[in-house]
Amino acid sequence: MLTNLQALLQELSEAVFMLDKDGYIKYSNLAAARLTGYSNRELMNQPIHLLYNDDHSSNSIKLEYELSVALKKGEYVSEGWKRRKNKTFFWTEMKLAPLYEGQNSLIGYSLILRDITEKKKFELELLENEERYRLMVEGVKEYAIFFLNTEGYIVSWNEGAKRIKGYSTNEIIGKHFSIFYTAEDIQSKKPERALRTAIETGKYEEEGWRVRKNGSLFWVSVVITALYNELNKLIGFSKVTRDLSERKEAEEALRQSEERYRLLVEQVIDYGIFMLDEKGRIVSWNEGAKRIKGYTASEIIGKYFSIFYPEEDIISGKPANELKIARETGKYEEEGWRLKKDGSRFWANIVITAVYNNDGILIGYSKVTKDLTERKETERALRESYEKYRLLSDELKLKNVQLSSTNNELEQFTSIVSHDLQEPIRTIKSFLQLIEMKLSNGQYEDLSIFITKSINAATRMRELIQNLLQYSQLNKIEPLKEIINVKELVNDALQNIKASVEASKTQITVESEVETIKGDRVQLVQLVQNLLSNAMKFTEAENPQIRIKCSKENGHVKFAVSDNGIGIAEADLKKVFEIFRRLNTKKDYPGTGIGLAICKKVVDRHHGRIWPESKLGQGTTFYFTLNEETQETLPYNEKV
């Protein structure tokens with residue numbers, strides 16, 4: 001029966017797993033089966049990385065890392081793709097925590113999976129909408145966007161222009177755009193050249209100094225685009241100006257810093273050392289990074305560093321989260337999978353450090369990467385070797401337990417057999433001696449009685465030997481795995497004892513919620529037949545009644561054979577399956593004492609349990625279970 005805690009776990013909507021210290025599944029609830037598509041039996045003793053999103057052999061490395069982090073920090077939480085039995089993927093939130101026995105003895109881990117696929121889709125869509133909105137808002141705030149007529153006079157003005165240049169709309173409309181140029185540029189007719197270039201080429205672009213309303217200079221990026229109507233007639237110009245003063249200052253500071261940095265790290269080849277700007281774009285590259293990741297400087301400069309991350313890390317926002325942690329704590333450090341230019345994975349140690357200028361303003365990040373693949377491969381080889389020997393050790397332990405059990409059973413068997421087999425031999429010998437004595441004295445009375453009793457003792461000895469042979473054969477023959485109809489199984493057993501049933505006038509009722517079971521037909525018929533014979537034998541009722549019930553409970557088939565017989569004392573319940581164990585006299589209830597021992601052996605061979613529940617004078621119910629699940633259920637009831 002399940003404990004209250006297990007029953008509670010079975011009712012949870014979240015998938016719950018219990019893992020051993022090496023990450024192998026030792027328990028899973030019903031929600032885990034529904035979520036993954038595997039049955040709880042299929043999940044049992046499988047490594048949890050069975051559910052990871054590919055068949056990559058290095059999943060065990062990732063699992064080892066996750067277990068180590070959970071053990072170190074008390075909990076490991078992550079999001080990512082997981083794979084069902086049918087190869088479909090779902091996005092999950094995973095929570096992994098160590099389990100202890102007492103205070104310090106690690107016994108395994110608990111793992112909870114929550115399917116958040118729909119939530120993730122919604123978040124991604126929301127992020128995309130937010131990104132579009134952010135770009136739109138940033139464009140309005142950071143760019144001065146306005147229009148000029150064909151002669152260069154300003155005809156529109158936006159908030160960005162007001163913020164950057166300092167003029168209100170009323171102040172600037174109608175003024176010539178050369179108002180923003182330095183005296184030197186006006187003298188050299190630079191504004192006129194800019195418009196002329198835009199007309200000739202369609203667009204004019206440059207960076208340079210401009211003048212605000214207050215006379216201060218600022219460095220800008222300028223794009224002037226010639227505008228034409230449907231008749232291809234020039235109708236004016238659009239002008240986009242962006243204030244790059246801060247960027248230019250940062251670029252200069254960064255240039256100087258990069259020069260020092262370049263001289264320091266350029267010759268390092270064992271580590272990938274490079275710089276990111278404040279948004280995560282790569283701005284420097286050393287020989288070590290080239291050797292480890294496979295990109296040349298010209299290929300990688302300007303790309304976002306997320307290019308090195310697997311798809312699931314990008315979807316979960318891992319690169320951005322790493323920069324956030326580095327900003328908040330000063331440094332981010334981890335080990336994990338990264339991608340090379342050729343798409344291959346390598347296990348890396350990563351350190352990202354936030355870099356600030358003298359004014360405390362974030363100007364970017366330094367990122368140091370070390371390739372730990374060789375070390376991990378060595379560790380993996382050692383782990384595989386350990387795993388191989390662990391499995392061998394477990395197998396030897398199991399064999400040892402089985403041999404020990406067999407030896408104990410054999411010792412008990414030998415002791416009991418030597419006693420019970422000698423008993424009929426002693427009886428035969430005694431009566432033969434009496435016959436010899438009578439014959440030597442010429443006395444012939446009672447000889448027929450002595451001979452009959454000797455024959456009965458021999459018959460009992462034959463029955464003992466036959467039952468012993470049947471009992472011993474159960475260990476040698478592997479049970480067949482065949483589909484058996486429950487109704488046919490019970491009918492076969494009843495047919496074998498039909499004469500006894502009719503003679504005792506026993507009423508037998510059969511109730512079943514299960515249509516078929518899997519097992520060895522011959523052995524299971526013998527099991528049911530022995531339980532029925534046992535129930536009919538130990539009864540003093542005028543109307544003997546036996547009820548057979550078959551149901552499905554917790555994934556197992558459960559049988560119950562109940563009678564209204566003499567019952568069993570509570571102190572004797574554990575003795576009934578001992579071979580040759582007799583709780584009543586042979587005179588009142590004849591038999592060999594092997595029938596129930598055979599029943600237990602058959603149930604054991606079918607990976608089940610058998611136990612009695614009884615009180616003296618109130619009948620007995622024998623329960624037994626079978627591990628195999630039925631393929632379909634179909635109720636039926638009948639009276640025999």
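The values are calculated or read from the model by the stated rules, or taken from the named source; none is laboratory data. What you see is a predicted model, and the numbers here were worked out from it, not measured in a lab. As a convention, Cβ positions derive from the backbone with ideal geometry for all residues, glycine included, and neighbour counts pool all protein chains shown. For accessibility, only protein heavy atoms count, side chains too; no ligands or nucleic acids. Shrake-Rupley method; radii C 1.70, N 1.55, O 1.52, S 1.80 Å.
Just a few scattered comments:
- Among the listed pairs Lys95/Lys119; Lys399/Lys552; Lys95/Lys376, a Cα-Cα separation exceeding 27 Å is found for Lys399/Lys552.
- Rolling a 1.4 Å probe across all protein chains gives Ile292 an accessible area of roughly 10 Å².
- Amide H contacts of Ile546: Gln507, Ile508, Thr509, each under 5 Å away and 5 or more positions distant or on a separate chain (H built 1.01 Å from N in the peptide plane; Pro and chain starts excluded).
- Listed by chain and number, the lysines whose C-alpha is less than 16 Å from the C-alpha of Lys429, apart from same-chain residues fewer than 8 away, are Lys438, Lys453.
- Of Lys73/Lys121; Lys21/Lys575; Lys397/Lys600, pairs whose Cα-Cα distance is over 28 Å: Lys73/Lys121; Lys21/Lys575
- Exposure ranking of Lys376, Lys438, Lys175 by accessible area [1.4 Å probe, largest first]: Lys175, Lys438, Lys376
- Heavy-atom accessible area for Thr378, with the other protein chains in place and a 1.4 Å probe, reaches approximately 80 Å².
- Sum of side-chain charges, Leu195 neighbourhood, beta-carbon under 11 Å (Lys, Arg +1; Asp, Glu -1): +2
- In the context of the full protein assembly, Cys599 retains an accessible surface of approximately 0 Å², using a probe radius of 1.4 Å and ignoring ligands and nucleic acids.
- Taking θ as phi - 60° and the Karplus parameters 6.51, -1.76 and 1.60, the scalar couplings of the stretch 510-526 work out to 10, 10, 9, 9, 10, 8, 10, 9, 10, x, 8, 4, 4, 5, 5, 4, 4 Hz in sequence order, x denoting glycine and proline.
- Of the residues Ile173, Ile325, ranked by 1.4 Å probe accessible area with the largest first, the sequence reads Ile173, Ile325.
- Cross-link reach list, lysines versus Lys233, counting only Cα pairs under 22 Å and skipping chain neighbours closer than eight places: Lys203
- Accessible surface, per residue, of the stretch 250-371 when the full set of protein chains is kept, probe 1.4 Å, Å²: 51
- Proximal lysines to Lys175, defined as alpha-carbon separation beneath 21 angstrom and excluding residues fewer than eight positions away on the same chain: Lys162, Lys165, Lys189, Lys190, Lys213, Lys239
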